[in-house]
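Shown next, in structure tokens, is the structure this report addresses.
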Amino acid sequence: MLKFAIIGAGAGGQSMAAILTSKGYSAKLYDIDKEKIRRLQELKAIKVTGVIQCEAQPAVITDSIEEVMTDVDVVMIVSTTDAHGSIAAQIKPYLKDGQIVMLNPGHCGGALEIAHVLRGENGCGKDLIIAEAGDLMYGCRSYEIGNILHTGLKVHVPVATLPAGDVTKLLEVLGPIFPCLKPAANVLETGFEGAGAMLHPIPSLMNVNKMDLGESYDYYMEGITPHIADIISACDKERVAVCRALGVDALDLISMLTKTYKLEKKDNLYDLIQSIESYKALRNPTNTKHRFIVEDTMSGLVPLASVGRSLGIATPMMDSFINIASAVCGRDFWTEGRTAEKLGLAGKTAAEIQDMVR
């Protein structure tokens, strides 16, 4: 049986650890948050409820990167995207030939970023399969450590490897365990097609007044009104344009969500979002440090807009929300985020970028 290291003990990481353990796999769970790890160690089991149900205690729960990386076959990184680079650097000394290192998800450029760390000039020198999912495999949330609610079942989550040809080997190993994983052409498709950059920072910023007033609301059902959905759709047209310039035949957001959740297609984004059961009852971000604003701007909007600019694609809507997020958070996300330069894509033609990921 495969042995898994799971890096990141948020709702997704806790879910993965419990589900894999309940299926008989060895799963070790790691997080940098010592207090969270202490609480998980105290519990008899992690409980998963909703459309997926199980209860299990992972083999190891630890804040030691060495302990979680010892004697494992697959490294599943289920952290926030802004931690990918530092996690790659931390796990590098412990990697071995033949291991899988997979981002869940990679967002825009995740596999490119960690490949630079693990295969670059000062890399680990190991023969690895580096992969990224286009989305988190679970529709889940947690309001209490060790208790995870699964609100929807995802039936189609794209996955790709770097280089692209390794995806066959990846799915031979992980496909039977995670049947929702479906092969994508390359990491441009998984990274630049993601919905998070559209659905997270834009509604959060459009409702920042409610955040300031301390108001609680249903994030998708109340926070995305018809006009906010129109703004998201306008931004999504820019995302699709950047993807097409890269040679990625990207689905628009409506088609993507319809496919992911196996829904009946709607004529507009607002009506579609209102029909997604797993989106109901998700509470709103309560501060400007929330990952919906910070992570999805840095690792979603910035790489899309930056790569678009490098290829001559105008992205005025995305540019505006990056600037607004920077002002609201008091940070410069154009500098901090995953730019084309940081991904090694600046100055390259679309054909040259395609060659990088083939």
Spelling it out for ASN207: with amide H atoms placed in the peptide plane at 1.01 Å from N, the residues 5 or more places away or on another chain with amide H under 5 Å from its amide H are none
Of the DSSP beta bridges with both residues in the chain, give the percent that are antiparallel, rounding to the nearest 5. 30 percent
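Sort ARG239, ARG119 so the one with the fewest other Cβ atoms within 10 Å of its own Cβ comes first.
Numbers: ARG239 27, ARG119 17.
By the 10 Å Cβ count, ascending, the order reads ARG119, ARG239.
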Output row, site ASP249, 7 Å Cα→C-beta label point, backbone N cut-off 17 Å, window segment 126-166, residues 158-159
Tally Lys and Arg at +1 and Asp and Glu at -1 over the other residues with C-beta under 15 Å from the C-beta of THR349: what net charge comes out? +2
Among the aspartates and glutamates, select those whose C-alpha is under 15 Å from the C-alpha of LYS266, and discard any that sit fewer than 8 residues away in the same chain. ASP230, ASP252, GLU277
Return the inverse of the average 1/r over all pairs of distinct C-alpha atoms in segment 162-240, which is the Kirkwood hydrodynamic radius, in Å to one decimal. 15.3 Å
Between the modelled labels at SER275 and ASP230 (7 Å from Cα along Cα→Cβ) the distance in nm is 2.1 nm
For segment 3-191, the Cα convex hull volume per residue in Å³ comes to 102 Å³
Estimated FRET transfer efficiency (LYS266, ASN323; beta-carbon r; R0 35 Å; 0.05): 0.65
Go through LYS3/LYS28; LYS92/LYS126; LYS182/LYS348; LYS154/LYS265; LYS182/LYS259; LYS28/LYS169 and tell me which ones have a Cα-Cα distance over 18 Å in this structure. LYS182/LYS348; LYS28/LYS169
Chain lengthening between LYS34 and VAL51 when straightened (0.36 nm per residue, less Cα-Cα): 3.2 nm
Dipole of segment 196-357, positive direction: furthest Cα of ASN323, GLY196, THR349, with charges on the beta-carbon: THR349
Mean ellipticity per residue at 222 nm, deg cm²/dmol - from DSSP H runs of n ≥ 4 across the chain, formula -39500 (n - 2.57): -11000 deg cm²/dmol
Treat every Asp and Glu Cβ in the chain as -1 and every Lys and Arg Cβ as +1, leave all other atoms uncharged, and give the resulting dipole magnitude about the Cα centre to the nearest 20 debye. 480 debye
What label, among [x] 78, 53, 37; [y] 49, 46, 40; [z] 93, 58, 41, belongs to Cα extents along the principal axes in Å computed from the structure on display? [y]
Each residue of segment 137-147 in turn: what ³J(HN,Hα) in whole Hz from Karplus with 6.51, -1.76, 1.60 and θ = phi - 60°, glycine and Pro shown as x? 5, 10, x, 9, 7, 9, 10, 8, 4, x, 10
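In whole angstrom, how long is each semi-axis of the equivalent ellipsoid of segment 196-357, when you take the square root of 5 times every eigenvalue of its Cα gyration tensor and sort them from largest down? Provide the component values of the computation, followed by the final result.
Working: eigenvalues 146, 86, 27 Å².
Over the Cα atoms of segment 196-357, the semi-axes work out to 27, 21, 12 Å.
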Which peptide among 255-263, 13-21 comes first, and what is the full order, when sorted by highest mean count of other Cβ atoms within 10 Å? 13-21, 255-263
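For segment 3-191, what proportion of DSSP beta bridges, expressed in % and rounded to the nearest 5, is antiparallel?
30 percent
Just so you know, all these numbers are worked out from the coordinates, no wet-lab data involved. This is a predicted model, so every value here is computed, not measured. Heads up, the Cβs are rebuilt from the backbone with ideal geometry, glycines too, and the neighbour counts pull from every protein chain shown.
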